[in-house]
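Below is one structure, written out as structure tokens, with a few remarks after it.
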Amino acid sequence: MGLGFLAARSAFIGAASDEEARRGAVARFEIEPHSDLEQEALAFLVEAMGDESWRVRKEAVARLSVWHDHPSAARVLTSALAEPDNVGRRNAAIEALVALGYDAIAPLTDALTARPEHRKVLVDTLGLIGDPAAGPALVPLLDDSDPNVRVAAAESLGAIGGGEAQAALRGVLARGELLLTLAALDGLNKLGARLNAAELAPLVDQPTLRAAVLEALGRTGDRSALPRLVKGITDGARGVRESAIVAVAELHSRIDAAGQKEVIAQLQHLSAIQPLVQALIEGTLGVQRAAARVLGLTRRAEAVRPLTLALGDGELRDDALAALVSIGGSGLETLVALAPDLEGRLRADVYALLPRFGPAASESRIQGLLAEALEDEDVDAAAGAAQALGEVGTREALAPLLRALERAAGEENPAAQAAAQALGQLGLRHYDEVRILITSRGLSGPEAPHLVRVLGACGREGDAPLLRGALGADASAVRRAAAEALAQLGGTSSTMAAEIGDALLFALADEAPEVRAAAARALAGHPRNASATAVDALERAAHDLEMAVRAAAARALGALALANDDAAAAVRPRAAAVLRRLAESNEAVAAVPALEALGRLGDLHDERLLIAALDKEDAEIVKAAARGLGARRDTGRSREALERALTDRRWDVRRAAALALGEHGPSAHPLLYARRTVEQDPLVVEALEEAMAVAMGKRPRAR
Amino acid sequence: MISPSGDRPLSRDTFRLLRDVIYEHCGIFFADENAYILQRRLAPRIDALSLTDFPDYYRFLRSASPEQRRSELEEIVDRVTTNETYFFREQYQLEAFRSEILPEVYARKPRGKRLSVWSAGCSSGEEAYTVAMLIMDTGMFGDWEVRVFGSDISRKVLQIARKGVYSRASFRATEPRLQRRFFRETPDGKHQVRDEVRQLVSFGQINLIDEPMAMLVGEVDVILCRNVLIYFDLTSRKRVIDTLHRKLVRGGYLLLGHSESLINLTTAFELVHLKNDMVYRKP
């Protein structure tokens, strides 16, 4: 409950030894905007910002950050920066000014015109706010009489960016002031400025500047920088080496094909790759990724082992994979020799990688290695080998894959699934052989579900009768696989489509829930099978006892309601009506797909329903409603509703609301920006920044 | 999106939601860079449960009945904690155990002829049996009461441990002499730990951050806790180390994985430089 300001101030003063009471007094006082006490209240908060307790200071910052009159608060806070003794108050004032953002710039720049003693603090604060509007006030300070102020101005210009800032920073590079030049270079690097090699060349021999210079050289796109960069890879200082590595990767990405060849040629003459390997292991993520790329560019076989080990790091996998492939033929040989000694999951990665070496992977030697690896004791490794054979395997791979399937079937085994998928892929290339193999074994036994899936992957209408027959099999696993396989058959005649539809509808009555769920999913994939009967059956399935069936049925109804197929046109309204009923449920399993589908349908009358769902207790339902609103045309009502969701206590709800608002275009940008200034959660911050870019058209919309 | 395996991509927000569910259940923490491990290990559960994708899987975990939820969380724990292991893994450290730690314990306890060792995070049992075999191989403890406790959070690997039957991959670092002495071949070409070794070893399902459960292990002379702390965040690691400290006798030893250390976790142990390895000791 709120306190009057005067009461709160008294309580604060009287609570000298009670931190929580002081914090509460700051947090809870209420004051009318434009009241006579407003200035006193501001002064009180500034006083509280100097409290000995960080909790009290934090509370004062929070109050000032959201003060209704931003400019007034900013003026008071700017004055507080002159505080010579209370560092806590000064730092708190900085924090509050940064939160106020753009509204703080005018008071700060006004204060600078008087050239006060504490102008460095003002400059630093403008840098932290990071708005280019401060640029004109900062540029002249590059010529300030105080060298610390000059450096601070360069740092802040590097933080705020903009064309004016870049030009000003470039202007100081040739001055010969070491620290100022370093600050300017760091700022230009942070801004991603593209300088030219000639203006950087005089600076590279200065040890203090070298790392920053090399980083900048990487962005010049100038081949003449290459020898200096390659030399930097073996520098004695770690920071210089890492900058050189990042710069080489950057340069390679910016220059033309002839230049890229030159990069590769020069790297092949590198005396040792050890610095690159060290950076791969010890660097920050950006350095590690660059090191992986540059190791690939060396084309050296000895780079294969460290890159292979890097596959085990989720954040480096893609770069390591690409680098291994780029090493080419000698890399393939080394990989093949290395594989047996690696741990299981790395062997899996290596096998799965082999197809990317192109025609070399189809050589009989590699095919033999992969076939043998199907018997690897590690199931992930065996699955990796199967995956590779699916991509590059020849006819000769069929029998080993089938044997692998037979060995592993009957268990929930990734090797069996991978072998089945591989057979499916091979079936697209060698259908007749695959079909003979399957029909000669018959669809019984533990491998039967996999064989059924293989037929589905082959996608031939001629197999529909066989698969329909499998829907009546004894084993539920076979029936489930048959439903999934029927969903994959494309290009069926209308007669066949109707027969498949009838069979899948009947499968919705199967006693095994996994079969019912698969049948529902299959119906979603076949809008040509849509009928009023199907919609009614799916609605019943959406109330099934089993969660997986309910979810699949709701999703299937969503697919029917959205289908463009003419055959589905008659049932779309019926499906939509069912979705509306499901969307009002409090159970996420059915409500989520229903809300998402209604969102994409775009019917104005559903807006009320989606907005109401934002108030549900279940976060999953709220998120689905947000996504649904994001998929629709912006209306003022939906934007207001999403704005409320932006302040939800749950991070995933705020994230969904942010992404949805981004789809609503420029009108949502101020809401997103305001939230961005106070949001702390990293995933929500990321979503807000993404959403702002989408809202302003800098990135494409999802719809 | 996190790098997909197959066609089951795992977005960063769904990864975080799943990670939090797992953490809340058992304290195991997945750092962002290990998300692809979670994705790879749990993707098969989506098919097994007839679900569609990871968001569906997360909703299932939230909406399932308490029994279903508990069962699925057990399944998750089994899948995310299972790692490749084998007998006599990390030889240098085991050499330190055999030739330096065991003799020191033997000399220190002339009267109290009782030796207890805890393999905390024993996985499918290879480490616990290895410890028992090394103790037997020294020949020093024939008339002692020797107990080796093997514990793990995963029921599935404990079942394997109790059976004591292993295939070729588990013996890649085993001397033939030791294999002949401590194993017998089974009709299907695998090898089973001999009864004389199995009698020394007991297994139990213990989550190391569950202190009451960990207290079921009595005081021990040596703890091996190798490549287990990596599963926990900093707060949980400190709790685990505190528990292990309480379970050790004075002068007892703690052996961690070669890339692990107690820096930033505790100062309650002293670092001891043995000839073959560096280990921690409770003063």
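Quick one: would you say B:Arg89 is closer than 22 Å to A:Glu484 by Cβ, basic (Lys, Arg), touching a residue at least 12 places away in the same chain (Cβ under 8 Å) and more than 10 Å from every other protein chain (Cβ to nearest Cβ)?
The answer is no for B:Arg89.
Looking only at region A:24-44, which residues are open to solvent by 60 Å² or more (accessible area, probe 1.4 Å), touching a residue at least 12 places away in the same chain (Cβ under 8 Å) and among the charged types (D, E, K, R)?
Answer for region A:24-44, where residues must be open to solvent by 60 Å² or more (accessible area, probe 1.4 Å), touching a residue at least 12 places away in the same chain (Cβ under 8 Å) and among the charged types (D, E, K, R): A:Arg28, A:Glu30, A:Glu40.
Does region A:168-184 hold any residues that are free of Cβ contacts under 8 Å to residues at least 24 places away in the same chain and part of a helix (DSSP H, G or I), and which are they?
Matches in region A:168-184: A:Arg175 only.
Inspect region B:64-74 for any residue being out of contact with any Leu (no Cβ under 6 Å at 6 or more places or on another chain) and under 30 Å from B:Arg281 (Cα atoms) and give the result as yes or no.
no
Is one or more of the residues making up region A:375-385 part of a helix (DSSP H, G or I), more than 14 Å from chain B (Cβ to nearest Cβ) and modelled with pLDDT under 90?
No, every residue in region A:375-385 fails to be part of a helix (DSSP H, G or I), more than 14 Å from chain B (Cβ to nearest Cβ) and modelled with pLDDT under 90.
Could you please find all residues in region B:21-45 being surrounded by fewer than 19 Cβ atoms within 10 Å (Cβ to Cβ), among the aliphatic types (A, V, I, L, M) and at pLDDT 90 or above?
Once the filter is applied, which keeps residues that are surrounded by fewer than 19 Cβ atoms within 10 Å (Cβ to Cβ), among the aliphatic types (A, V, I, L, M) and at pLDDT 90 or above, region B:21-45 yields only B:Val21.
Only one of these conditions is not met by B:Lys190: (1) open to solvent by 50 Å² or more (accessible area, probe 1.4 Å); (2) over 23 Å from B:Thr82 (Cβ atoms); (3) of a type outside the set (Asp, Glu). Which number is it?
(2)
Only one of B:Ser99, B:Ser71 is farther than 30 Å from A:Pro593 by Cα, open to solvent by 40 Å² or more (accessible area, probe 1.4 Å), polar (S, T, N, Q) and part of a helix (DSSP H, G or I). Can you tell me which? Spell out how you get there, then give the answer.
Numbers: B:Ser71 fails: farther than 30 Å from A:Pro593 by Cα.
Selected residue: B:Ser99, the only one of B:Ser99, B:Ser71 that is farther than 30 Å from A:Pro593 by Cα, open to solvent by 40 Å² or more (accessible area, probe 1.4 Å), polar (S, T, N, Q) and part of a helix (DSSP H, G or I).
Find all pairs meeting these conditions: Cβ atoms under 6 angstrom apart; at least six residues apart or on different chains; first residue within region A:45-68 and at positive phi; second residue open to solvent by 60 Å² or more (accessible area, probe 1.4 Å).
Qualifying pairs under 6 Å: none.
What are the pairs, 6+ residues apart or on separate chains, where a residue within region A:358-370 that is open to solvent by 90 Å² or more (accessible area, probe 1.4 Å) and part of a helix (DSSP H, G or I) has its Cβ under 9 Å from a residue that is of a type in the set (D, E, K, R) and modelled with pLDDT of 90 or more?
If the second residue must be of a type in the set (D, E, K, R) and modelled with pLDDT of 90 or more, the pairs left are A:Ser364/A:Glu396.
Looking at region A:261-344, what helices (runs of 4 or more DSSP H) fall wholly within it and have at least 1 residues that are more than 14 Å from chain B (Cβ to nearest Cβ), farther than 17 Å from A:Leu226 by Cα and free of Cβ contacts under 8 Å to residues at least 24 places away in the same chain?
Of the helices (runs of 4 or more DSSP H) lying wholly inside region A:261-344, those with at least 1 residues that are more than 14 Å from chain B (Cβ to nearest Cβ), farther than 17 Å from A:Leu226 by Cα and free of Cβ contacts under 8 Å to residues at least 24 places away in the same chain span A:274-282, A:329-338.
Restricting the search to region A:615-636, which residues are over 21 Å from A:Ala563 (Cβ atoms), more than 14 Å from chain B (Cβ to nearest Cβ) and buried (at least 24 other Cβ atoms within 10 Å of the Cβ)?
Within region A:615-636, A:Ala625, A:Leu629, A:Gly630 qualify.
From the list A:Val336, A:Val379, A:Val350, which residue is open to solvent by 40 Å² or more (accessible area, probe 1.4 Å) and at negative phi? Lay out the reasoning, then the answer.
Values: A:Val336 fails: open to solvent by 40 Å² or more (accessible area, probe 1.4 Å); A:Val350 fails: open to solvent by 40 Å² or more (accessible area, probe 1.4 Å).
Exactly one of A:Val336, A:Val379, A:Val350 is open to solvent by 40 Å² or more (accessible area, probe 1.4 Å) and at negative phi, namely A:Val379.
Find the residue count for region B:32-51, including only residues that are farther than 18 Å from A:Pro449 by Cβ and facing chain A (nearest Cβ under 9 Å).
So the count comes out to 8.
May I ask you to list pairs of residues, at least six apart or on different chains, whose Cβ atoms are under 9 Å apart, with the first in region A:562-590 being within 14 Å of chain B (Cβ to nearest Cβ) and open to solvent by 50 Å² or more (accessible area, probe 1.4 Å) and the second being charged (D, E, K, R) and assigned to a helix (DSSP H, G or I)?
Correct list of pairs: A:Glu587/A:Arg550.
Would you check which residues across region A:82-99 are out of contact with any Leu (no Cβ under 6 Å at 6 or more places or on another chain) and either among the small types (Gly, Ala, Ser) or crowded, with 22+ Cβ neighbours inside 10 Å (or both) and list them?
If the condition is that a residue be out of contact with any Leu (no Cβ under 6 Å at 6 or more places or on another chain) and either among the small types (Gly, Ala, Ser) or crowded, with 22+ Cβ neighbours inside 10 Å (or both), then A:Ala82, A:Gly88, A:Ala92, A:Ala99 are the ones that fit.
Please go through region A:528-550 and pick out each residue that is away from chain B (no Cβ under 14 Å), of a type in the set (D, E, K, R) and either open to solvent by less than 20 Å² (accessible area, probe 1.4 Å) or in contact with a helix residue (DSSP H, G or I) (Cβ under 6 Å, 6 or more places away or on another chain) (or both).
Listed by number, the residues that qualify are A:Arg528, A:Glu539.
Please tell me if B:Glu72 is facing another protein chain (nearest Cβ under 9 Å), within 22 Å of the chain's Cα centre (by Cα) and of a type in the set (Asp, Glu).
Spelling it out, it is not the case that B:Glu72 is facing another protein chain (nearest Cβ under 9 Å), within 22 Å of the chain's Cα centre (by Cα) and of a type in the set (Asp, Glu).
Grab the strands (runs of 3 or more DSSP E) fully contained in region B:143-250, keeping just those with 2 or more residues being within 14 Å of another protein chain (Cβ to nearest Cβ). Lay out the reasoning, then the answer.
Numbers: elements: B:145-152, B:183-185, B:191-193, B:201-205, B:220-225.
Strands (runs of 3 or more DSSP E) meeting the threshold: none at all.
Please count how many residues of region A:480-509 are within 12 Å of chain B (Cβ to nearest Cβ) and either open to solvent by 40 Å² or more (accessible area, probe 1.4 Å) or of a type outside the set (Gly, Ala, Ser) (or both). Quick ask: steps written out before the conclusion?
First, the residues of region A:480-509 that are within 12 Å of chain B (Cβ to nearest Cβ): A:480-481, A:483-484.
Narrowing further to those that are either open to solvent by 40 Å² or more (accessible area, probe 1.4 Å) or of a type outside the set (Gly, Ala, Ser) (or both): A:480, A:484.
The total comes to 2.
Within region A:64-81, restricting attention to residues that are open to solvent by 50 Å² or more (accessible area, probe 1.4 Å) and not small (Gly, Ala, Ser), which residue is nearest to the chain's Cα centre (by Cα)? Can you show your working first?
If we filter region A:64-81 for residues that are open to solvent by 50 Å² or more (accessible area, probe 1.4 Å), which is where we start, we get A:66, A:68, A:70-71, A:75, A:79.
Next, from what is left, pick out any that are not small (Gly, Ala, Ser): A:66, A:68, A:70-71, A:75.
Numbers: A:Val66: 30, A:His68: 35, A:His70: 34, A:Pro71: 36, A:Arg75: 39 Å.
Ranking the candidates gives A:Val66 first.
Can you find a residue that is of a type outside the set (A, V, I, L, M, F, W, C), more than 19 Å from the chain's Cα centre (by Cα) and open to solvent by 10 Å² or more (accessible area, probe 1.4 Å) anywhere in region B:117-128? Give the derivation first.
The first filter runs over region B:117-128 and keeps only residues of a type outside the set (A, V, I, L, M, F, W, C), leaving B:119, B:121, B:123-127.
Pick out the ones that are also more than 19 Å from the chain's Cα centre (by Cα) and you get none.
Taking every residue of region B:117-128 in turn, none turns out to be of a type outside the set (A, V, I, L, M, F, W, C), more than 19 Å from the chain's Cα centre (by Cα) and open to solvent by 10 Å² or more (accessible area, probe 1.4 Å).
Got a number for residues in region A:314-324 being open to solvent by 40 Å² or more (accessible area, probe 1.4 Å) and at pLDDT below 90?
Here is the first cut: in region A:314-324, the residues open to solvent by 40 Å² or more (accessible area, probe 1.4 Å) are A:315, A:318, A:322.
Adding the requirement that they be at pLDDT below 90 leaves A:315, A:318.
The qualifying residues number 2.
Only one of (1) away from chain A (no Cβ under 14 Å); (2) without any contact (Cβ under 8 Å) to a residue 12 or more places away in the chain is not met by B:Arg16, so which one is it?
Only one criterion is unmet by B:Arg16, namely (1).
When you check A:Leu100 against the structure, is it over 30 Å from A:Leu200 (Cα atoms) and hydrophobic (A, V, I, L, M, F, W, C), yes or no?
So A:Leu100 fits the description; yes.
Here are some residues: A:Ala225, A:Ala197, A:Ala201, A:Ala193. Which one is at pLDDT below 95, of a type in the set (A, V, I, L, M) and open to solvent by 30 Å² or more (accessible area, probe 1.4 Å)? Don't jump to the end; show me each part of the working.
On the way: A:Ala225 fails: open to solvent by 30 Å² or more (accessible area, probe 1.4 Å); A:Ala197 fails: open to solvent by 30 Å² or more (accessible area, probe 1.4 Å); A:Ala193 fails: open to solvent by 30 Å² or more (accessible area, probe 1.4 Å).
Answer to the check: A:Ala201.
Residue check: is A:Ala553 touching a residue at least 12 places away in the same chain (Cβ under 8 Å), away from chain B (no Cβ under 14 Å), surrounded by 21 or more Cβ atoms within 10 Å (Cβ to Cβ) and part of a helix (DSSP H, G or I)?
no
Across region A:405-447, what is the number of residues that are open to solvent by less than 50 Å² (accessible area, probe 1.4 Å) and either over 20 Å from A:Ile500 (Cβ atoms) or within 14 Å of chain B (Cβ to nearest Cβ) (or both)?
Counting residues in region A:405-447 that are open to solvent by less than 50 Å² (accessible area, probe 1.4 Å) and either over 20 Å from A:Ile500 (Cβ atoms) or within 14 Å of chain B (Cβ to nearest Cβ) (or both) gives 20.
The values are calculated or read from the model by the stated rules, or taken from the named source; none is laboratory data. From a predicted model like this one, the values you see are computed outputs, not experimental measurements. With ideal geometry, Cβ positions are generated from the backbone for all residues, glycine too; neighbour counts draw on all protein chains shown. Note: accessible area is taken over every heavy atom of the protein model, side chains too, but ligands, DNA and RNA are not part of it. Shrake-Rupley method; radii C 1.70, N 1.55, O 1.52, S 1.80 Å.
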